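Trainee: Take a look at the following structure, please.
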Amino acid sequence: MKMIYPHKLISALFFLVSLNMMGQNFGKITGKITLSDNAPAESIAIALKNTRYNTTTNFSGQYEIKNIKPGNYIISINGIGIQAITESISIQANQTITKNFKLSENKEELNEVIIKKNKYKQNNPSLSLRLNTPVLEIPQNVQIISGQTLKDQQITSMSDGVIRNVSGAVRLEHWGDLYANITMRGSQIQAFRNGFNVVSSFWGPLTEDMSFVDHIEFVKGPAGFMLSSGDPAGLYNVVTKKPTGITKGEASIMGGSFDFYRASIDLDGKLDKKGKLLYRFNAMAQNKGSHRHFEHNDRYVIAPVISYQLDDKTKITAEYNYQRANMTEVGSYYIFGPTNDGYGTMPIDFTMTQPGLPDTKINDHSAYLLFEHNFNPNWKLTAQTSYFKYLQQGYSSWPSAVGPYSIDTNDDNIPDTQVLDSGEIIRNVGIWDAESNMYLGQLFLNGKFNTGNVSHKVLGGIDLGSKDYMADWGQSHDLDTFEDPFNVSNPDYGTPANGLPNFDRSKPLKERAGGIMNSEYAAGYIQDELGFYENKIRLTLAARYTWLSQTNWGQTIEDSHITPRAGLSISLTPSTAIYGLYDQAFTPQSGIIKNGDAVKPLTGNNVEIGIKKDWFNGSWSTTLSAYSILKKNELTADPENTAGQNYSIVLGEKRARGFEIDIRGKILEGLNIIANYAFTESVVNKSNVESIKVGTIVPGYSKHTANSWLNYTVSNGKLKGLGASVGGTFLAGRQTDTWSTGLEKLPNYFKMDGGLSYETGKLKFTANMFNILNEYLYSGSYYSYLNAYYWQTEAPRNVRVGVTYKF
């Protein structure tokens, strides 16, 4: 019997479908939907009832439905918070009908309805993810943290509790409120802003303040074909606030424990009567102390945006974000203890930092220019460019030695043996001046068309980027001496025995830097999402070609790679979809290998399956996913590093596997929920390092992660507007961030938070309590070369209260 190959069978089916469609004459409906204030109605669903013909309006309110068989239909207009419209319509062969509709709601009313209807669930990704597909139909686990979630939880920065809202996301190695460094699916994920990869080194970017953030999208898996090169574990995309066309404003003040004071303003409106020239302006000032003595992290933000609607089809948006941080030196939040004592042996407010050290100052600039053009309702061109500049001048602290410690010397001017008793430490401060520049550009085209009964959503584009990072780590200074060390049992915060540092900054940073990390890349990609059986079955095929050149401290390599992607999503019902995905990643890495070998790009692949469901007309959703990720050539810290060394090694190959559950949305009237759980396991498959055996657990993740957040707001009666919230985070099987395991593992972690709110008219009062149970919470690792544990404590029970006025 002769075998019929699948690809030949598929080709034959497409050919028969095409023959069937030839000779038929179809009609078309086009039009525009506006609101009562003449603002365009975006993302409104238009459908011919009981048929496969449907679409949604673009940002100009335009729509188009093509290839309609002649006949009589009922056109239906639907959307969240609007009064539905139905109207009979007759379609004839080769006829184009224009039908415009005006909804009874205005934009401000619609915006308020959407927020109140579902505070925590968003159905569509942002423009910067480049997809014109609802989250339910995307063959990948995508979780969106809404702006209202950020407000309800009083989240102020990217490192301030954001990850509780996403399954499997952890920060086991904290960097204070400097860098987010989020780990998910066994690896540190990539940081994006408005669709741009903003990682220029391991140490960045600066955590975004939430004052200018609209929402945050977590994309699990690489998705490198559409969002530049990225880690196979995933990415998070911070979407900044844009003008809405609604004239409104919001001012907030907040205060809390440990000298926390914050004020912000958000202005949104029109600069002309026609509403073509719009603006958005956000500003914030914050003084933030710490539960640890002598520590602070103050922030200032300015974020203006202007957009101009040239005509119904073309829009230009210009945006600038500025963040300034004045903070205690990097590393002030770490505590070190001897091997015999283990973790958490000092009071929760204990510090090793030295008063009198100057602030570390960071100036973070980013600018964007976005061009959007709709050729028609089905085809849209987007081009955007951005520039990021990061400037840091300051210090980092890390000990030179932790007692018990002894070493023999061959220096005649130093005693033959230097000794530290248990609890004695030599604190060291190093210079950390840094600069980063990134020039990034994107051009992509979204389109929709049909070939017979098969629908197509196509995406194609190019990415260009140039990134560099340089830093001066070459100067350091011991604050203490072996004759007069720092004693944790009897700390002396006066002038240190060896005095304060006086680093030399007379030369430009470029001359002082230990080298420059630089990467340049160019990429092109294409994707087609094919819809079969009235789009009930969706097959996604994509590929990306990436060329990159990277330099790490004088070593330059060039490489190129094609990364394919295939996904299948099937709608079992209009509210239930199952999916499967295979994709690959290709991303540059930075580091120094001790033997001088060149650093190669990381490669990896991801296999994922899952099921998504919207419940009760989309009020809440669930996502269940399982995955397996294989990574090759990944750099990791060299286990043989000693004090002051920052070498990396090529691990070999590792595999991460797990499953995740996410729930979010409105369960009952007034009751909203966010809940998630993730099981993660990452092990070494192949090892190039003698001390790291095959089967070894990879550091840097938590095996079990569970989060929840419940919010209830009274909708009617005398208590209308009164709300209460409660949430918790549980971590078990926590791995440290180093290969040195030590004798003690990190304990399980549980944190409970809660809050009250009251909204009346234009005022909203919010109060949250964090770490309600007043637990001693920390993360940390063990360093074998120091023979010491180090950890960073989280704040004990603390509160934040705030008031917001809308005008």
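The values are calculated or read from the model by the stated rules, or taken from the named source; none is laboratory data. Predicted, not measured: the structure shown is a model, and the values here were computed from it. Glycine gets a Cβ as well: all are built from the backbone with ideal geometry, and neighbour counts include every protein chain shown.
Trainee: Among the residues of segment 231-247, what is the count of those that are modelled with pLDDT of 90 or more, part of a loop (DSSP other than H, G, I, E, B) and closer than 13 Å to residue 199 by Cα?
Mentor: Qualifying residue count for the region: 0.
Trainee: Also: Across segment 350-367, which residue is farthest from residue 431 (Cα to Cα) among those that are under 30 Å from the mean Cα position of the chain (by Cα) and not polar (S, T, N, Q)?
Mentor: Of the residues in segment 350-367, the ones under 30 Å from the mean Cα position of the chain (by Cα) are 359-367.
Filter once more, so that each one left must be not polar (S, T, N, Q): 359, 361-362, 364-365, 367.
Details: 359: 12, 361: 12, 362: 14, 364: 19, 365: 22, 367: 28 Å.
Looking at residues that are under 30 Å from the mean Cα position of the chain (by Cα) and not polar (S, T, N, Q), I get 367.
Trainee: Output the number of the condition that residue 380 fails; it satisfies all remaining conditions of (1) farther than 30 Å from residue 63 by Cβ; (2) surrounded by 19 or more Cβ atoms within 10 Å (Cβ to Cβ).
Mentor: Answer for residue 380: the failing condition is (1).
Trainee: Something else: Checking the structure you have, find out if any residue of segment 311-318 is crowded, with 22+ Cβ neighbours inside 10 Å, touching a residue at least 40 places away in the same chain (Cβ under 8 Å) and either assigned to a strand (DSSP E or B) or not acidic (Asp, Glu) (or both). Spell out how you get there, then give the answer.
Mentor: As a first pass, look at segment 311-318 and keep what is crowded, with 22+ Cβ neighbours inside 10 Å: none.
There is no residue in segment 311-318 that is crowded, with 22+ Cβ neighbours inside 10 Å, touching a residue at least 40 places away in the same chain (Cβ under 8 Å) and either assigned to a strand (DSSP E or B) or not acidic (Asp, Glu) (or both).
Trainee: Next question. Just to check your reading of the model, which residue among 548, 464 is modelled with pLDDT of 90 or more and among the hydrophobic types (A, V, I, L, M, F, W, C)?
Mentor: 464
Trainee: Six or more apart or on different chains, Cβ atoms under 6 Å: show the pairs whose first residue is in segment 771-786 and of a type in the set (Gly, Ala, Ser) and whose second is surrounded by 17 or more Cβ atoms within 10 Å (Cβ to Cβ) and not in a loop (DSSP other than H, G, I, E, B).
Mentor: If the second residue must be surrounded by 17 or more Cβ atoms within 10 Å (Cβ to Cβ) and not in a loop (DSSP other than H, G, I, E, B), the pairs left are 779/792; 780/790; 780/791.
Trainee: Output the number of residues of segment 49-61 satisfying the condition of being over 15 Å from residue 124 (Cβ atoms) and surrounded by 19 or more Cβ atoms within 10 Å (Cβ to Cβ).
Mentor: 3
Trainee: Also, I was wondering about something else. Let me confirm something: among 399, 404, which residue is out of contact with any helix residue (DSSP H, G or I) (no Cβ under 7 Å at 6 or more places or on another chain), within 25 Å of residue 787 (Cβ to Cβ), buried (at least 21 other Cβ atoms within 10 Å of the Cβ) and in contact (Cβ under 8 Å) with a residue 24 or more places away in the chain?
Mentor: Answer to the check: 399.
Trainee: Inside segment 214-230, can you point out the residues that are over 19 Å from residue 367 (Cα atoms) and at pLDDT below 85?
Mentor: If the condition is that a residue be over 19 Å from residue 367 (Cα atoms) and at pLDDT below 85, then 221, 222, 223, 224, 225, 226, 229, 230 are the ones that fit.
Trainee: Could you please find all residues in segment 787-801 being among the β-branched types (Val, Ile, Thr) and either surrounded by fewer than 21 Cβ atoms within 10 Å (Cβ to Cβ) or free of Cβ contacts under 8 Å to residues at least 40 places away in the same chain (or both)?
Mentor: 799, 801
Trainee: Just checking, how many residues over segment 65-95 are modelled with pLDDT of 85 or more, charged (D, E, K, R) and closer than 22 Å to residue 535 by Cβ?
Mentor: The number of residues fulfilling the criteria is 1.
Trainee: Answer yes or no: is there a residue in segment 128-142 that is at pLDDT 90 or above, part of a helix (DSSP H, G or I) and among the hydroxyl-bearing types (Ser, Thr, Tyr).
Mentor: Scanning segment 128-142, I find no residue that is at pLDDT 90 or above, part of a helix (DSSP H, G or I) and among the hydroxyl-bearing types (Ser, Thr, Tyr), so the answer is no.
Trainee: Further question on the same structure: Keeping to segment 143-176, report how many residues are touching an Asp or Glu at 6+ places or on another chain (Cβ under 7 Å), under 27 Å from residue 397 (Cβ atoms) and in a strand (DSSP E or B).
Mentor: So the count comes out to 1.
Trainee: Residue check: is residue 731 under 25 Å from the mean Cα position of the chain (by Cα) and part of a strand (DSSP E or B)?
Mentor: yes
Trainee: Can you say whether residue 263 is touching a residue at least 40 places away in the same chain (Cβ under 8 Å) and assigned to a strand (DSSP E or B), as far as the supplied structure shows?
Mentor: Judged against the criteria, residue 263 is not a match.
Trainee: Restricting to segment 126-162, give me the number of residues that are among the charged types (D, E, K, R) and without any contact (Cβ under 8 Å) to a residue 12 or more places away in the chain.
Mentor: Selection size over segment 126-162: 0.
Trainee: For residue 649, state whether it is buried (at least 18 other Cβ atoms within 10 Å of the Cβ), outside any loop (DSSP other than H, G, I, E, B), at pLDDT below 85 and of a type outside the set (S, T, N, Q).
Mentor: yes
Trainee: Any residue in segment 673-701 that is assigned to a loop (DSSP other than H, G, I, E, B) sitting within a Cβ distance under 7 Å of a residue that is exposed (fewer than 14 other Cβ atoms within 10 Å of the Cβ)? List the pairs, counting only those 6 or more apart or interchain.
Mentor: 694/686
Trainee: Could you identify the single residue in 327, 352, 346 that is within 23 Å of residue 775 (Cα to Cα), crowded, with 20+ Cβ neighbours inside 10 Å and not basic (Lys, Arg)?
Mentor: Matching residue, one of 327, 352, 346: 352.
Trainee: Need pairs with beta-carbon distance below 9 Å; first residue of a type in the set (Phe, Trp, Tyr) and within segment 66-95, second exposed (fewer than 15 other Cβ atoms within 10 Å of the Cβ); sequence gap 6+ or separate chains.
Mentor: Once the first residue is of a type in the set (Phe, Trp, Tyr) and sits in segment 66-95, its partners that are exposed (fewer than 15 other Cβ atoms within 10 Å of the Cβ) give 73/49; 73/50; 73/51; 73/88; 73/90.
Trainee: Inspect all residues belonging to segment 210-223 and state whether any of them is touching a Lys or Arg at 6+ places or on another chain (Cβ under 7 Å), under 30 Å from residue 547 (Cα atoms) and either in contact (Cβ under 8 Å) with a residue 60 or more places away in the chain or surrounded by fewer than 19 Cβ atoms within 10 Å (Cβ to Cβ) (or both).
Mentor: Yes, segment 210-223 contains at least one residue that is touching a Lys or Arg at 6+ places or on another chain (Cβ under 7 Å), under 30 Å from residue 547 (Cα atoms) and either in contact (Cβ under 8 Å) with a residue 60 or more places away in the chain or surrounded by fewer than 19 Cβ atoms within 10 Å (Cβ to Cβ) (or both).
Trainee: Any idea how many residues of segment 674-706 are within 20 Å of residue 619 (Cβ to Cβ) and polar (S, T, N, Q)?
Mentor: Total meeting the criteria: 1.
Trainee: Which residues, counting only those in segment 23-55, are under 17 Å from residue 534 (Cα atoms), part of a strand (DSSP E or B) and polar (S, T, N, Q)?
Mentor: Result: 54, 55.
Trainee: Quickly run through segment 548-579 and pick out the residues that are within 25 Å of the chain's Cα centre (by Cα) and more than 26 Å from residue 608 (Cα to Cα).
Mentor: Residues satisfying the conditions are 548, 550.
Trainee: Considering each of 745, 718, 703, 686 in turn, give the residue that is surrounded by fewer than 20 Cβ atoms within 10 Å (Cβ to Cβ) and either within 18 Å of residue 757 (Cα to Cα) or of a type in the set (A, V, I, L, M) (or both).
Mentor: 718
This table checks each residue for (1) of a type in the set (Asp, Glu); (2) closer than 22 Å to residue 188 by Cβ; (3) in a strand (DSSP E or B).
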| site | (1), (2), (3) |
| --- | --- |
| 564 | no, no, yes |
| 599 | no, yes, no |
| 604 | no, yes, yes |
| 608 | yes, yes, yes |
| 613 | no, no, yes |
| 623 | no, no, yes |
| 629 | no, yes, yes |
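Trainee: Within segment 740-749, identify whether any single residue is acidic (Asp, Glu) and either under 28 Å from the mean Cα position of the chain (by Cα) or at pLDDT 95 or above (or both), and answer yes or no.
Mentor: No, that holds for no residue.
Trainee: Hey, any hits in segment 275-282 for a residue that's buried (at least 20 other Cβ atoms within 10 Å of the Cβ) and more than 23 Å from the chain's Cα centre (by Cα)?
Mentor: As a first pass, look at segment 275-282 and keep what is buried (at least 20 other Cβ atoms within 10 Å of the Cβ): 278, 280, 282.
Cutting the leftovers down to more than 23 Å from the chain's Cα centre (by Cα) gives us 278.
Yes: one or more hits.
Trainee: Select from segment 602-619 the residues that are among the polar types (S, T, N, Q) and more than 18 Å from residue 634 (Cα to Cα) and write down the one among them that is nearest to the chain's Cα centre (by Cα).
Mentor: Among those that are among the polar types (S, T, N, Q) and more than 18 Å from residue 634 (Cα to Cα), it is 619.
Trainee: I'd like to know if segment 762-779 contains one or more residues that are of a type in the set (Phe, Trp, Tyr), surrounded by fewer than 17 Cβ atoms within 10 Å (Cβ to Cβ) and within 21 Å of residue 712 (Cβ to Cβ).
Mentor: Going residue by residue through segment 762-779, those that are of a type in the set (Phe, Trp, Tyr) are 765, 770, 776, 778.
Keeping just the survivors that are surrounded by fewer than 17 Cβ atoms within 10 Å (Cβ to Cβ) gives 765, 776.
With within 21 Å of residue 712 (Cβ to Cβ) added as a condition, the list becomes 765.
The answer is yes, given that some residue of segment 762-779 is of a type in the set (Phe, Trp, Tyr), surrounded by fewer than 17 Cβ atoms within 10 Å (Cβ to Cβ) and within 21 Å of residue 712 (Cβ to Cβ).
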